[in-house]
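Bear in mind that the values in this text are calculations on the coordinates, not laboratory data. Quick caveat: nothing in here was measured; it's all calculated off a predicted structure. No Cβ is skipped: glycine too gets one built from the backbone with ideal geometry, and neighbour counts run over all protein chains shown.
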Amino acid sequence: MENYLIILVIIILFIFESDIRNLIKCIQKDRINKKRTKIGIDLEICNSIINEVGDILNKYHIPFMLAEGTALGVHRDGSLIKCDSDIDLSYPSTHYDVFLKKVKPELELRGYQVGIGWGTNYFNNRYNFAIKNDHYIDFDIIEENKNCFAKWGRSCNELIPHLKNPRKINWNNRIWKIPGESYYEYLYGQDWKIPQCGKKPPKK
């Protein structure tokens with residue numbers, strides 16, 4: 001009987017190996033998030049990560065833009081926010097397959113751990129994350145009638161109008177696309193211009 005149980009466990013582990021590996025990455029990401037929420041990010045590491053990842057996304061013609069706190073810091077302060085916990089980028093869902101087939105393998109070759117996000121709205125959206133040097137970068141995937149993580153898993157339909165008029169900015173030795181000003185007010189409220197550590201988009 002014990003042998004059958006051992007064989008069954010081995011079969012289950014084999015079938016769900018990728019899910020288990022992804023769950024471990026999600027747990028690691030959560031640990032990093034808690035740590036970075038307390039002590040903030042290392043700007044030198046994050047500047048290097050965002051340039052490297054941005055170059056790879058451009059290589060495969062994925063039309064991404066800076067998002068959430070990353071976009072806010074670059075737009076408002078001209079830099080990443082030191083007390084932020086991560087880097088945020090977004091891209092359209094039409095390029096999701098290219099990300100999985102091209103970007104993910106290249107990121108992994110460069111030492112990133114790439115995972116698929118798990119959470120309350122996991123089954124009604126898609127997003128990826130990548131971990132390197134004890135920091136992580138979130139990729140919010142924009143798709144109509146799906147949820148976006150930018151505002152606690154609310155519908156992307158609310159967010160999309162604020163992404164229609166992006167502008168280009170020269171920052172960190174690269175040209176980046178960032179959302180227009182209505183995006184920041186939508187996410188952070190009317191006082192978005194006032195720096196506040198720990199400021200997150202409200203749930204409602």
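Put a plus charge on the Cβ of each Lys and Arg, a minus charge on the Cβ of each Asp and Glu, and nothing anywhere else: the dipole of segment 2-188 about its Cα centre is then about 220 debye.
The mean sequence distance of close C-alpha pairs (under 8 Å, at least 6 residues apart), as a share of the length of segment 2-188, puts its relative contact order at 20 percent. In order along segment 87-97, the phi-based Karplus estimate (6.51 cos²θ - 1.76 cosθ + 1.60, θ = phi - 60°) of 3J(HN,Hα) comes to 10, 10, 10, 9, 8, x, 4, 5, 10, 4, 5 Hz; Gly and Pro are listed as x. One chain, two ends: E108 and Y60. Fully extended at 0.36 nm per residue, the span grows by 15.8 nm beyond their Cα-Cα distance. Here the label points at S79 and Q190, each 7 Å from Cα along the C-beta direction, are separated by 3.0 nm in the simple model.
Pull out the extension gain between K168 and W152, defined as 0.36 nm times the separation in residues minus the alpha carbon to alpha carbon distance; nm, one decimal. Numbers along the way, then the final one.
On the way: separation 16, 0.36 × 16 = 5.76 nm, distance 2.63 nm.
Full extension of this stretch gives 3.1 nm more.
From least to most packed, judged by other beta carbons within 10 angstrom and beginning with the fewest, D134, D97 follow the order D97, D134.
The slack between N133 and L43, meaning 0.36 nm per residue of separation minus the straight C-alpha distance, is 31.2 nm.
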